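The values are calculated or read from the model by the stated rules, or taken from the named source; none is laboratory data. Note that the structure is a prediction, hence the values are computed from the model and not measured. Positions of Cβ are backbone-derived with ideal geometry, glycine not excepted, and every protein chain shown enters the neighbour counts.
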Amino acid sequence: MSADDFDPFIERLYSRTPVMQDAGLFAADVETRLNSASRIRTLALTAAGLIGGVVAVGGAVDLNLNLSSDAGASSAQLGQGFTASIAAAQLSAQGVADRIGLTQLDLGSMGGMQLFWITAGAVLALLAAGAVRLSQEV
Amino acid sequence: MDLHDVELAAHAAAGGRREFGELVRRHGSAVRALLRRMGAEPSLADDIAQDAFLQAFQRCAEFRGEGTFAAWVKRIAARLYIKRRAKDARYVAELESEEAAPAQDHAGLVDLDEALKTLTPAERLCVSLCHGAGMSHPEIASAMNLPLGTVKSHVKRGLDKLRARLQPGPALSGRSANVG
């Protein structure tokens, strides 16, 4: 057999796969590893979300609930830009609340930092949920 | 499940584990056999084949169906094997040796697995990467960190030995299943 004939011949031999008795077991092992990798990822992301949420709630609880009354003290501690952004967030949230009829909800009575931590907690929870969902799809 | 590999891979890329499981069932043996033909012991071959399938699942969106799914996973597995083995100093020394295991006489039967045992580890690996995993000589040289000329001579010497050993005959059909 010439070299030119032998190359396709050897490739055909390689493409013939011996029958493996434990093929089903192998497939099951891969499936198990696939599921356990996904479970670990979901657990890690859930734990990260929970830790983030706990930190956020802890931050909110530690703060004085009436920070709005001593906003001056807050301003002294926080950077000027940060305070302004919190105020803007409060105003826009108030506007939305007015529009949807939640007039009895007085966001002005909430402290700036309290609002910040609640928002941060909600954002973290949303991010964690999104990451978990994404990891399940990948 | 009668779907084509490309359709199954598309489902797997969208997170379909059941469809990916079907691909593993279809091609698991082919990938494991290639790794064994490259010189891996059965347990290491299975371990690397599993890693290759897990990696294939994560990268399923990259599979566009230009070649076969089996060939795509075989290449992933081959690269994983080379990477794993490069860390093993004993194996690297073995690759440089010229010793081959004595082959058993199968009275003219075409048995690739037996014939491969007559090759040195480096010849066996290079021939299997080239003709089993479909890698080009430059790809093998790059993956194994060897000069291109060395790879070419390993492949040529290996094929010469296989040609001398293998005689196509009626035993070729029926000894194994064609998986592709």
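Things to note:
- As a summary of the residue check, B:Arg64 satisfies the conditions (1) out of contact with any Lys or Arg (no Cβ under 8 Å at 6 or more places or on another chain); (2) within 13 Å of chain A (Cβ to nearest Cβ); (3) among the basic types (Lys, Arg) except for the one numbered (2).
- Tally of residues being more than 14 Å from chain A (Cβ to nearest Cβ), assigned to a loop (DSSP other than H, G, I, E, B) and modelled with pLDDT under 95 across region B:121-149: 2
- Residue check, B:Gly21 buried (at least 17 other Cβ atoms within 10 Å of the Cβ), at pLDDT below 95 and closer than 28 Å to B:Glu114 by Cβ: no
- Residues in region A:1-34 that are more than 7 Å from chain B (Cβ to nearest Cβ) and in a helix (DSSP H, G or I): A:Ala3, A:Asp4, A:Asp5, A:Asp7, A:Pro8, A:Arg12, A:Gly24, A:Leu25, A:Ala28, A:Thr32.
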